[in-house]
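K.L.:
Dumping the structure here so I can ask a few things about it.
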Amino acid sequence: MSPPKSTLTTPALTVLTLIAFAANSILARMALETASIDAASFMTLRLSSGAIILTTIMALCKRNPVVPIQGKGIAAVMLFINFVTSAFSYLQLPVDTGALILFCSVQVTMILIALKQGEKPQLLEWIGLCLALAGLIYLVSPGLTAPPLVGSCLMVISGSTWGIYSLLGRSTKDPLSYTTANFVHAVPLAVGVSLVSFSEAHITPLGIILAILSGTLPSGVGCVIWYAALRGLTATRAATVQLAAPVIADIGGIIFFNEKSTWRLSLSSLLILGGIGLAIKGRKNPP
């Protein structure tokens, strides 16, 4: 059975993905900063729930829920490393500092790979990327502190592996099957980490709920949507648009947690969104 064709446009898919990324950030902060669950258990439950929801969707679509891994499982390994390093880095890094390290690592990784593969970003794309990065730095600058070395290294690895994971699946014709396979094959690796750190396990009902919420729609379904969106984005654009996720996360904090809106958020949002707009308009012809 051939995969169903998406009726959504690339911009719509991208916006949905960014909302999912922002939701993941909020849920992880809620779970780990309040010590509702330990990092290993959060990561394992998140991956497992994502695998379950995607396998269920595959079954409902009457498609084989067990699919082979393309690329000898590299994507699944990158997904696992991204999940485990991001979970443990949140325990050591302030949110603002972590966000800056994470997204800068994503941008550098994706753009370097794109350049190596022969992609030639236009001048407006470079200007847009720099403008969006400046907006991100301005957004998080009040909370920036000298970061711990271990936490910083974990976040760099998390961002780099996410960049690699994103680009590995750009050419897939079936984002649902490909993502399901990656999640399913990453679960045993996550369980292994939980077994090794079992003595430090700490799980509460709230932590379980937050991990499952994070793993299903924002992570599992979100990754499927992201792969679908990537088919209409150059690597440079894909790297740039992700800088909107922290802005959406901060707006979510205002809506759901009664956090105060600031001029800093407004100005940085203009910089980031304006930079993304320039990057998108920087190339007239689609990839």
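K.L.:
Among the residues of segment 83-125, count how many are part of a helix (DSSP H, G or I) and either among the aliphatic types (A, V, I, L, M) or over 17 Å from the mean Cα position of the chain (by Cα) (or both). I'd like the intermediate steps shown before the answer.
P.N.:
Within segment 83-125, the first condition is being part of a helix (DSSP H, G or I), and the residues that meet it are 83-89, 95-116, 123-125.
Narrowing the set further to residues that are either among the aliphatic types (A, V, I, L, M) or over 17 Å from the mean Cα position of the chain (by Cα) (or both) leaves 84, 87, 95, 99-102, 106, 108, 110-116, 123-125.
Summing the residues that are part of a helix (DSSP H, G or I) and either among the aliphatic types (A, V, I, L, M) or over 17 Å from the mean Cα position of the chain (by Cα) (or both) in segment 83-125 gives 19.
K.L.:
Another question, if that's okay. Looking at THR180, is it on the phi < 0 side of the Ramachandran plot and surrounded by 18 or more Cβ atoms within 10 Å (Cβ to Cβ)?
P.N.:
Values: on the phi < 0 side of the Ramachandran plot: yes; surrounded by 18 or more Cβ atoms within 10 Å (Cβ to Cβ): yes.
Spelling it out, THR180 is indeed on the phi < 0 side of the Ramachandran plot and surrounded by 18 or more Cβ atoms within 10 Å (Cβ to Cβ).
K.L.:
Separate question: Say whether the condition of being more than 19 Å from ALA28 (Cα to Cα), free of Cβ contacts under 8 Å to residues at least 60 places away in the same chain, part of a helix (DSSP H, G or I) and not aromatic (Phe, Trp, Tyr) is met by at least one residue in segment 126-140.
P.N.:
Within segment 126-140, one or more residues are more than 19 Å from ALA28 (Cα to Cα), free of Cβ contacts under 8 Å to residues at least 60 places away in the same chain, part of a helix (DSSP H, G or I) and not aromatic (Phe, Trp, Tyr).
K.L.:
Of the conditions (1) among the hydroxyl-bearing types (Ser, Thr, Tyr); (2) open to solvent by less than 80 Å² (accessible area, probe 1.4 Å); (3) out of contact with any Phe, Trp or Tyr (no Cβ under 6 Å at 6 or more places or on another chain), SER171 satisfies every one except a single condition; which number is it?
P.N.:
Only one criterion in (1) among the hydroxyl-bearing types (Ser, Thr, Tyr); (2) open to solvent by less than 80 Å² (accessible area, probe 1.4 Å); (3) out of contact with any Phe, Trp or Tyr (no Cβ under 6 Å at 6 or more places or on another chain) is unmet by SER171, namely (2).
K.L.:
Which condition breaks for LEU144 when tested against (1) open to solvent by 20 Å² or more (accessible area, probe 1.4 Å); (2) farther than 27 Å from SER41 by Cα; (3) at pLDDT 90 or above?
P.N.:
(3)
K.L.:
Sticking with this one: Is there any pair with a first residue in segment 91-108 that is touching a residue at least 40 places away in the same chain (Cβ under 8 Å) and a second that is basic (Lys, Arg) whose Cβ atoms are under 8 Å apart and which are 6 or more apart or on different chains, and what are they?
P.N.:
Sorted first by the residue in segment 91-108, then by its partner, the pairs are VAL95/ARG29.
K.L.:
Still on this structure, I have one more. Would you pick out the residues in segment 166-179 that are hydroxyl-bearing (Ser, Thr, Tyr) and within 16 Å of the chain's Cα centre (by Cα)?
P.N.:
Quick first cut of segment 166-179, residues hydroxyl-bearing (Ser, Thr, Tyr) only: 166, 171-172, 177-179.
Matches in segment 166-179: SER166, THR179.
The values are calculated or read from the model by the stated rules, or taken from the named source; none is laboratory data. Here the structure is a predicted model, which means the values were calculated and not measured. Glycine also receives a Cβ, built like all others from the backbone with ideal geometry; neighbour counts cover every protein chain displayed. With ligands, DNA and RNA removed, areas are computed over all heavy atoms of the protein, side chains included. Shrake-Rupley method; radii C 1.70, N 1.55, O 1.52, S 1.80 Å.
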